[in-house]
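Worksheet: the structure to be examined is printed underneath.
We did not get these values from a lab; they are worked out from the coordinates using the rules stated. This structure is a prediction, so every number in the text was calculated from the model and none was measured. Note that we place each Cβ from the backbone using ideal geometry, even for glycine, and neighbour counts take in every protein chain shown.
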Amino acid sequence: MNTNKINSSSGGGGDIATKLTNPGIIDRLEQDIQDYLHEFGFRIERSPRKDDEAAVIFIPAIPYSYSNISDECTSSSRHTANTDQCISQPMGTLHLHIQNESLLPTVGPLLRTLLRLAVHIPPQSLRAILYCDFILDPLHKLSKMSTLQQREHLHQQEEIAARKVINAIHMLVRNSMGSALCLDMVIMLPCYWKRRDGDDDTKESIPISKLAVEQAMQSNHDACYPSIHLEERVYTEIILNCSNLDNSIHDVTDFSSIHLGVSTRMCTVMHQPLLFRWVNHIGSDQSVGDAETAHSIPSPPLIVACIEKPGNLHRILMLCHHYRSISTSILSNLIVVMPDDEERSGLKQLFDGAITHFRETILSQDGASVQECDEGCLPTLMYEGDAVPLIQSRLNRPKKAHDEKTSSQKPSIIGIDLHPNALTLSGSSYMTKPSQAQVALGNADAVIFGYESTGIPRNIDDILNGWVQIPSRSSINLVAAMSIIFDAMFHIS
């Protein structure tokens, strides 16, 4: 990925040109620019050569100052930079405290969702500061090297660490499908363990220099992103204190910023609802409401999820498992719908494997026996063509005594989809001012989520009698949508 800056600086206009070589990212960004990014000055140009699949995206330079960014990395100073010293300030700042090197790429989908959810905020008015609150070990395999290799690597420790950083940044951009480049993104660089010799006792924590990472970027044509602002870490002690971070911190005195900790891969899934509520509160005087707690409910709705990717199934199972304190029947109320396509005959085997792995690893940690798991803790797997009879039979089961609905009432089946009659979910306080969409979700007997590529299948769409949509610039991924909808449903009072 070759890049060039065109008349850009921290205080002026112009564009930052980035050459993209990944066809998937190029196609996705081209569609996003056509759909909504063009009005903010983004544009993309494909190579005129037929044998060259590359393209150049032109990112508008923004007149922001980054002079006080370093001060924001300290655990005692989590407020936004002093506006008196800045030419301009973003409308909202997302602070992500990433506690492991392997977790940096996982925030890509979260940033993509942020861009799409912030429908009333210009993309580059959103700043994302990614704090690399970990220490890289560039020589973790030193003991397995020859004496000559050890000597060479000891002289290249910062260079090796810098290459590891840009590889993680590159994977983050890829996982965001390029959306991360459309935000005002700042990377607070990590430290690395610097050794004086091959002995671990001689190592010390040293901040990676901005210059080292910039040089590594320039030498890697597939991972050079000049629009991303790099900051050196000044305070190394935050690395040692990062375990004290709460996973849902937000500054209660300034609703233009939010702090989120990323300590596991599921954090980025569970943070989606907070992001949704936060972007709806930017500029207002209302709390984001992360102090609200979900309430136990006697009978959760039937959840129908149309899934094409085994990876999504694992995350959805983990999401349902997270809400087990709300109701132990959420997992057993889940129906997983697969495409009927004969060419995907191997998909069922992969899905069965994912469910088995979930049962043997996650549910077994809860102390559930295999028999208990099989009897009431696992979802139902179903092909698309057979889904409607199963949904209808599950909805026609006798009502429990605590259910306020009578058997004569028609079941409420809500589709999460764009529709002329869809109710729009609001990010207002779920406990004090539930929207019509949230009330509808709270009263639903079944909630249907369609495929990411084609939406709700026609045969299932025919049985819907209500719709709810999540306001966004474009469609968001299935797991993010389910996380946001679950948050709305289970916070209803």
For residue 59, residues with placed amide H under 5 Å, excluding near neighbours: 16, 17, 18
Students often get this wrong, so check it: of 19/50; 19/194; 309/410; 50/164, which have C-alpha atoms separated by over 27 Å? 19/194; 309/410; 50/164
Gained length - residue 439 relative to residue 325, 0.36 nm times residue gap less alpha-carbon distance: 38.9 nm
Lys and Arg at +1, Asp and Glu at -1: neighbours of residue 266 with Cβ under 15 Å from its Cβ sum to +2
What FRET efficiency comes out for residue 364 versus residue 390 if R0 is 45 angstrom and r is the Cβ-Cβ distance? Round to the nearest 0.05. 0.95
What ranking do 462-470, 481-489 get when scored by the average of other Cβ atoms within 10 Å per residue, highest first? 481-489, 462-470
